[in-house]
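The values are calculated or read from the model by the stated rules, or taken from the named source; none is laboratory data. Predicted model only: the values in this text are computed from it and were never measured. Every residue, glycine among them, receives a Cβ derived from its backbone with ideal geometry; neighbour counts consider all protein chains shown. All accessible areas refer to the heavy atoms of the entire protein, side chains included, with ligands and DNA or RNA removed. Shrake-Rupley method; radii C 1.70, N 1.55, O 1.52, S 1.80 Å.
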Amino acid sequence: MKERKLNYRFHDPNPAAITADYILKIFIEANAGKVEAAIQKAADAIPATGEEQDRCQGHSA
């Protein structure tokens, strides 16, 4: 008996730009933990200096 090949078709009534934006939001949400971990790892690798503390205290008037 011959094996039948499955063929799926999806109808998306949205324009391509809206579909791409929706998929991008899903990917961002799914990878948020990985991105946060990568940012934290990069921030931990930067040595803290006294100069950075001066910039964070605010503006002098």
Next item on the list: Kindly indicate the residue of the range 8-35 that is modelled with pLDDT of 90 or more and assigned to a loop (DSSP other than H, G, I, E, B) and also nearest to the chain's Cα centre (by Cα) among those meeting that condition.
Entry: Asn31
Check: Restricting attention to the range 36-48, which residues are modelled with pLDDT under 90 and surrounded by 10 or more Cβ atoms within 10 Å (Cβ to Cβ)?
Finding: none
Notebook entry, point to check: Do you know which of the residues in the range 5-28 that are out of contact with any helix residue (DSSP H, G or I) (no Cβ under 6 Å at 6 or more places or on another chain) and charged (D, E, K, R) is least open to solvent (accessible area, probe 1.4 Å)?
Noted result: Asp21
